[in-house]
Amino acid sequence: MSGFVAGDANPDLLVAAREALGWTQKRLAEELTRLAKADPEISQGYVSRAEKGSLTVAGERLELFASALGATPDLLVSDSKLWSLGEGCLYHRNRASTKASTLRRLHARINLLRLYLRRLAADSTVPLREFTLVPMRVGDIDGPEDAARALRRTLDLPDGPVESVTAIAEQVGALVVPMSLGGREVDATSLHPPGEAPVFVVNTDAPAERRRFTLAHELGHIACAPAPDMDVEDMAQAFAGELLAPAAQVRGDLRAAPITPARLLQLKAHWRMSAAALLRRAVDLAVITDSRYRTLNTQMSALGWKTGEPEPLPDEATTVVPALVAAAVRSTGGIAAAAAKAGTTAENLRAMLGDDVLGADDD
């Protein structure tokens, strides 16, 4: 009997596995040629036809693609759905100048990460927490600020600053994965397919205070059900500001002394928000004028705070994903075996999750 995995490759997974590596079709064709020692060379057109589904990828051909892409054959033949922008469950917080290729790679990585974590959780002693948060309809009577206050009440959060935004996300059932995204083009991305736990990827290349606000922003996407004409990014920003610094509580602190860069640093230490976010909060709550806001922004930029503020906050710890991965490593006998169960290689899994989650290499 053949040892090959039965079935044909899912074209969408072929594309995702390639784009997650940041490869072009030409680059994949070159790797396929190298592995197969093919003569003549495997062409970009061949890869294109495979990814369109007009060419069957099975048997030895499937094994070759799997080896080149760092995926297991059984992952590539699965009928798992991949999600894209416009389907109402994939979001990202990024600069306007972000390249389309960067976003394609990020979307591919979070789609694959979702599959990896679900495969690891399938037989795990650490089951995924059920996601039961019901989003609040916003944009008509209630606004995103109302949704933020409702979430604070639901979780029985005390007044004042939020101790850990990561803990809030995990408490409602989200999977939080801090990950280096190779720069500051994108702060985060989130994926929340219907009926599943949301997956939040937060860029560790950003300072901790920005990551806290970014994660609160991503929570806004799952805690709010926007009206059809509502800008979902503005909605998430308003939600994040109210969650981290409720107007009724922070307004007095903002009014207690003149807003200056030094004063913003004092408030940053207490409210655990960046000086930039607190300055934005001050103008949004009409504590300062737009003109004063622009002046302070210019001063902070001259001080170099746009690239890195003084007095950075400490990192927040994640618990759910590390516990899930650790259980998989124990049950399978090692990192390589756990990665294979996830559907990938140890190298690819480590590139996504990092050494803090996966620990030391297998002996």
Revision key, fill the gap. Of the residues in the stretch 305-328 that are small (G, A, S) and open to solvent by 30 Å² or more (accessible area, probe 1.4 Å), the one that is farthest from T166 (Cα to Cα) is G308
Study note, to complete from the structure: Reported set for the stretch 232-273 where residues are assigned to a loop (DSSP other than H, G, I, E, B) and either open to solvent by 30 Å² or more (accessible area, probe 1.4 Å) or in contact with a strand residue (DSSP E or B) (Cβ under 7 Å, 6 or more places away or on another chain) (or both) is A256, A257, P258, T260, R272
Study note, to complete from the structure: Residue count, the stretch 167-201, condition among the β-branched types (V, I, T) and open to solvent by 10 Å² or more (accessible area, probe 1.4 Å), comes to 1
**Study point:** Count - residues of the stretch 25-49 that are open to solvent by 80 Å² or more (accessible area, probe 1.4 Å) and closer than 21 Å to R105 by Cα
**Key:** 5
Practice item. State yes or no: is A100 open to solvent by 60 Å² or more (accessible area, probe 1.4 Å) and either touching a residue at least 12 places away in the same chain (Cβ under 8 Å) or small (G, A, S) (or both)? Key: yes
Study note, to complete from the structure: In the set S331, S301, S291, the lone residue that is within 23 Å of P127 (Cβ to Cβ) and either open to solvent by 40 Å² or more (accessible area, probe 1.4 Å) or part of a loop (DSSP other than H, G, I, E, B) (or both) is S331
Check your understanding: Can we say D229 is surrounded by fewer than 24 Cβ atoms within 10 Å (Cβ to Cβ) and free of Cβ contacts under 8 Å to residues at least 24 places away in the same chain?
Key -> no
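The values are calculated or read from the model by the stated rules, or taken from the named source; none is laboratory data. The structure displayed is predicted, hence computed values, not measured ones. Ideal geometry is used to build each Cβ from the backbone, glycine not excepted, and the neighbour counts take in all protein chains shown. Surface areas here come from the heavy atoms of the whole protein model, side chains and all, with no ligands, DNA or RNA. Shrake-Rupley method; radii C 1.70, N 1.55, O 1.52, S 1.80 Å.
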